Structure formats: C-alpha cells, structure tokens
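Visitor: Next up is a structure, given as structure tokens.
The values are calculated or read from the model by the stated rules, or taken from the named source; none is laboratory data. Note that the structure is a prediction, hence the values are computed from the model and not measured. Neighbour counts run over all protein chains shown; Cβ positions are idealised from the backbone, glycine included. With ligands, DNA and RNA removed, areas are computed over all heavy atoms of the protein, side chains included. Shrake-Rupley method; radii C 1.70, N 1.55, O 1.52, S 1.80 Å.
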Amino acid sequence: MLLLVLGALLLLFCSLDVWYFLRGVQVFFQAWFQPRIWDLLAEQTIDGMVLPHDLDYMGHMNNSRYLRECDFARFHHYMRNGLLMASRKLGARMVVGASTIRYRRSLAFCEAFEIRTKIVGWDEKAFYLEQRFVSKKDGFVSAIMLCRQNVVHCSPESIIEFVCKRKIECPEFPEDLKHWISFISASSQALRAESGLEEKNK
C-alpha cells in the first residue's frame, strides 16, 4: 500500500507542477483572511524568500521564477482590492498580454524579499501594473516588471465601476509606460504586416 501511495505521488509530481498549485492555494487563503483594500491604486506587498527549488545553476533565483512570483503577487493584489471577484461576476477574464522585466541585482539563496504591486493605469482593453522585487536586506530594488493585463469579454472601466460603484479617472501614464505601450503597438503592427493580416483587413 505504501509503495502504491508513493508511486501515485511520484506520478502526480512528474505530471503536474504541484508546488505551483500549492502556492496558489497558500496565496488564496493569505489574501482571503487579510483586510480588504478599497483604494484600487494603492500599492500592495507580498513577502517571499528564495528557496532551493527557485535556484538556477548560478546559485541565485532563476529568471523565470521572477515572472512566476509576479503571477502570485497579482492574484493576491486582485483578491484584496476586489477586481478578481468583480471580473468573475461580470463574466470577464484577465490574461497577461505583455510583460517586461529588468533585472538589477540577483536574489541569493534564503534572501527575503517583498513584491510591491500597483496598478499604474488602464485603457479600454487592459490594466497596466508595475511590480518591484525589493530585498529586505537593504531595500534595494532587485528587479522591476511592467505587465499588461488584458481584459476579455469586458472592459477595465466596467470592472472598476462595478467595484467602486462610480467612475474612477485613470491616472496619467508615466513616461516609461508610454514608451513601453508604443513598443507593444509597433511590435504588433510589424507582426501583423509580416503575417499579411493588415492586407486581409483592407
């Protein structure tokens, strides 16, 4: 019986990223029991630490782990400010449409950090977020990420109005975000031209 259980666990861990789902459950309950954040533009923080399964061959946090941690931080962020439940009730889905991350200093094994997440703006199709990895050792910003969270089957304005019961004016985009959005637009146009989609739509 023990061998059967161990075999089943081995098959489960080989077939699924079990730690990903366990972390998701942990973040869900953490956000569930924390106070609601009523200010949609408020920065929120979630703690983390570099564990053995986060390491790469160089002995510091793998680059891909930063993106994964940002996923959990956004999930936590949306749960606490009500955007997640509002999008579900409106039949909307939020998916990552683009992201860029700049690494400034590596995070070492067992180094504690926090991810600071905030919504910096939105347009008719997406929310734009900034996420920072801040070392608890000295407060240094080890990495910074911009994320475009596309809203499907709804609009950011509708979700915000559902949560706040009134219209909220979008803050002015910072310059770096404007440049990034321009890059996304230019990249999209180039790919559409490359695939012939622009000609088909004429």
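Visitor: Residue under question is Ile168, and the condition is that it be surrounded by 13 or more Cβ atoms within 10 Å (Cβ to Cβ), part of a loop (DSSP other than H, G, I, E, B) and of a type in the set (Val, Ile, Thr); does it hold? If you could, list the steps in order and put the result at the bottom.
Guide: Numbers: surrounded by 13 or more Cβ atoms within 10 Å (Cβ to Cβ): yes; part of a loop (DSSP other than H, G, I, E, B): yes; of a type in the set (Val, Ile, Thr): yes.
In short, yes.
Visitor: Go through the residues of the stretch 27-37 one by one and say whether even a single one is modelled with pLDDT of 95 or more, of a type in the set (Gly, Ala, Ser) and within 29 Å of Ser155 (Cβ to Cβ). Quick ask: steps written out before the conclusion?
Guide: Narrowing the stretch 27-37 to residues modelled with pLDDT of 95 or more: none.
Scanning the stretch 27-37 turns up no residue that is modelled with pLDDT of 95 or more, of a type in the set (Gly, Ala, Ser) and within 29 Å of Ser155 (Cβ to Cβ).
Visitor: Consider the stretch 104-141. How many of its residues are open to solvent by 10 Å² or more (accessible area, probe 1.4 Å) and farther than 18 Å from Gln44 by Cβ?
Guide: 13
Visitor: With a cut-off of at least 3 residues that are among the polar types (S, T, N, Q) and either surrounded by fewer than 16 Cβ atoms within 10 Å (Cβ to Cβ) or touching a Lys or Arg at 6+ places or on another chain (Cβ under 8 Å) (or both), name the helices (runs of 4 or more DSSP H) lying wholly within the stretch 1-99. Don't jump to the end; show me each part of the working.
Guide: Values: elements: 2-15, 18-32, 63-81, 83-89.
Hits in the stretch 1-99: 63-81.
Visitor: Which ones in the stretch 142-159 are open to solvent by less than 20 Å² (accessible area, probe 1.4 Å), more than 9 Å from Phe127 (Cβ to Cβ), in contact with a Leu (Cβ under 7 Å, 6 or more places away or on another chain) and in contact (Cβ under 8 Å) with a residue 40 or more places away in the chain?
Guide: Those that are open to solvent by less than 20 Å² (accessible area, probe 1.4 Å), more than 9 Å from Phe127 (Cβ to Cβ), in contact with a Leu (Cβ under 7 Å, 6 or more places away or on another chain) and in contact (Cβ under 8 Å) with a residue 40 or more places away in the chain: none in the stretch 142-159.
Visitor: Checking Val18 against (1) closer than 25 Å to Ser106 by Cβ; (2) free of Cβ contacts under 8 Å to residues at least 60 places away in the same chain, only one condition comes out false. Which one?
Guide: Only one criterion is unmet by Val18, namely (1).
Visitor: Would you check which residues across the stretch 158-177 are of a type in the set (D, E, K, R) and within 19 Å of the chain's Cα centre (by Cα) and list them?
Guide: Applying the first criterion (of a type in the set (D, E, K, R)) to the stretch 158-177 yields 161, 165-167, 169, 172, 175-176.
Asp176 - this is the single residue of the stretch 158-177 that is of a type in the set (D, E, K, R) and within 19 Å of the chain's Cα centre (by Cα).
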